[in-house]
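Beneath this line is the structure, given in structure tokens, with notes to follow.
What follows draws every value from the coordinates through simple rules; no lab data is involved. These figures come from a predicted structure and were not determined experimentally. Glycine also receives a Cβ, built like all others from the backbone with ideal geometry; neighbour counts cover every protein chain displayed.
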Amino acid sequence: MSLTQTLTLLVMLLHLAGMLAAMHAVMHARTAQGAFAWAFGLALLPYLTLVPYLYLGRSHFQGYITLHRVHQRRLSQAALRGERTEVPEPCAPYAALTRMLGNNFHGGQRVQLLVNGDATFEAIIKAIAQAEQCILMQFFIIHDDALGRRVQHALLERAAAGVKVFVLFDGIGSHALPEQYVETLRRGGVAIHPFATQRFSNRFQLNFRNHRKIVVVDGWVGFLGGLNVGDEYLGLSPPLAPWRDTHLQVSGPAVLDLQRSFAVDWHWVTGELPPILPVRPAQGDTYTLIAATGPADPQESCSLYFTTVINAARKRLWLTTPYFVPDQAVMSALRLAVLRGVDVRVLIPSRPDHRTVFLASTLHAYDAIRAGIRIFRYQPGFIHEKVILIDDDGASVGSMNLDNRSFRLNFEVGALNVDRAFAERVESMLLEDFSRAVEVKRDEYRKAPYWRRLAMHLARLCDPIL
């Protein structure tokens, strides 16, 4: 066979593989937009799209789904045993979330707003130092830098004291974490694993990332929010410094749901369950719902979480996000909120950490402004916080971004809190943030050079995988 014939055969086989992959995308992509984008690219340009599709396109991982649902059902039954399941009256606007998530609002929680990286890791490291039984820790990113080594030292000290320590990190988000860092923890008695991309014969696609940030100490105090373990989250790494982010500390029975979320992920990686410690009564005034969402859920739970929270607003909806790439359902909910007379404000960065996402966000911001949504750009540094303020008594803090990756591809966790006093603290924090922002006008898009506007529209084509 000649070289020309060989190349012709290879091209034909590649196009055949592209067509088969396109059929697979049409049948299995989670959204019509994603199905169209993949099918179009695979059919016409398999040379460029076939390999990325093998890593990014598959949306089913049946082994994890089965395990996830079995444990969610089992742990939910244990958590709800002996508890009333009706939704408290102040939480009634969010009743759909309790049914979707299989969780209750827990009353009497003590919650503390941790308004920046220094406050967050001071509280986390202090709680770790006081641990007596068990520490569960999960982050999307762990760096081997000054903060990473502080956390490492704190964990090793507690492990040496006989405390059981379990650590998960995302294998993609923490790709730069040296093996030596991990081995040092293992030698010191810490059980630590990456959230693996493979388990047995079931390939867990690179596209699906565990973006959760969870710390639980002794089953009693928990932490969640937007911060990872790295010096940049303390504002020490230009050019994005100062870094603006927010975390939440929770004490009380709601922490059980953080333990449950960690336990399911840990079991997927190791085949074992970590200790799940009994809950204790709290001495607070907040109702808290823990929302652990992800692509293994029967519903598109993260997108529905945003939609439900937005639809609940009657007077005010203030939202901060580093990536403003809403899907059609969330954008429609925001538009309807404006039509109801709700004060809708969205705070986004003025500096990009991902150029493509930033360009797509700029176009979405222009569309939002035309719908009456007020958009602000934070000026001092990069804003990474994921906070929602709803009316006078609702506030959400978590890891969820307002983009398709969080909606459909990432495992996320957030806490929806109903309490007027806590909402007032969130309001004060956001007022300070908005005071350091400038409002975006339509001219940001209209007066941009043609090539930049074209780049925005091209970037928006990538919405399904941003």
In percent, what relative contact order does the range 240-377 have, based on Cα pairs under 8 Å that are 6 or more apart in sequence? 19
If you add up the charges near Ala423, with Lys and Arg at +1 and Asp and Glu at -1, over every other residue whose beta carbon is less than 10 angstrom from its beta carbon, what do you get? -3
Nearby lysines by direct alpha-carbon distance to Lys164 (threshold 25 angstrom, same-chain neighbours under 8 apart not counted): Lys126, Lys213
Calculated from backbone phi, Karplus (6.51, -1.76, 1.60) coupling profile of the range 164-175 in Hz, x at Gly/Pro: 7, 10, 10, 10, 10, 9, 6, x, 8, x, 9, 4
To the nearest Å, what is the center-to-center distance of the range 386-447 and the range 1-24, using C-alpha atoms only? 48
Given only helices, namely DSSP H runs of n ≥ 4 each adding -39500 (n - 2.57), what is the per-residue ellipticity at 222 nm of the chain, to the nearest 500 deg cm²/dmol? -13500 deg cm²/dmol
Between Arg316 and residues 5 or more places away or on another chain, which pairs have amide H atoms under 5 Å apart, with H built 1.01 Å from N, and which residues are they? Asp343, Asp391
Neighbour-count order for Asp463, Asp392, fewest beta carbons within 10 angstrom listed first: Asp392, Asp463
Mean projected area in nm² (Cα convex hull; one quarter of hull surface) for the chain: 23.9
Neighbour net charge for Ser399 - beta-carbon separation under 14 angstrom, K R +1, D E -1: -1
Within straight-line cross-link reach of Lys386, aspartates and glutamates at Cα separation under 16 Å, skipping those fewer than 8 residues along the same chain: Asp245, Asp353, Asp403, Glu412, Glu427, Glu432, Asp433
Of the DSSP beta bridges with both residues in the chain, give the percent that are antiparallel, rounding to the nearest 5. 65
Relative contact order (percent, whole number), the chain, Cα cutoff 8 Å, 6+ residue spacing: 16
Taking the Cα centre of each part, how many Å lie between the range 91-109 and the range 271-337? 10
If the reach is capped at under 13 angstrom between alpha carbons, list the aspartates and glutamates near Lys441, excluding any in the same chain fewer than eight residues apart. Asp367
Stokes-Einstein diffusion coefficient for the range 301-465 at 20 °C in a medium of 1.002 mPa s, Rh from the Kirkwood formula over Cα pairs: what value in µm²/s? 135
Excluding Ser301 itself, what net charge comes from residues whose Cβ is under 12 Å from its Cβ, given Lys and Arg +1 and Asp and Glu -1? -1
On full extension of the chain, what length is gained from Tyr450 through Ala96, given 0.36 nm per residue of separation minus the C-alpha to C-alpha distance? 123.0 nm
Let me know the shape class of the range 191-323, please: from the alpha-carbon gyration tensor, a ≥ b ≥ c as square roots of the eigenvalues, rounded when a/c is under 1.5, otherwise prolate if a/b is greater than b/c, or oblate. rounded
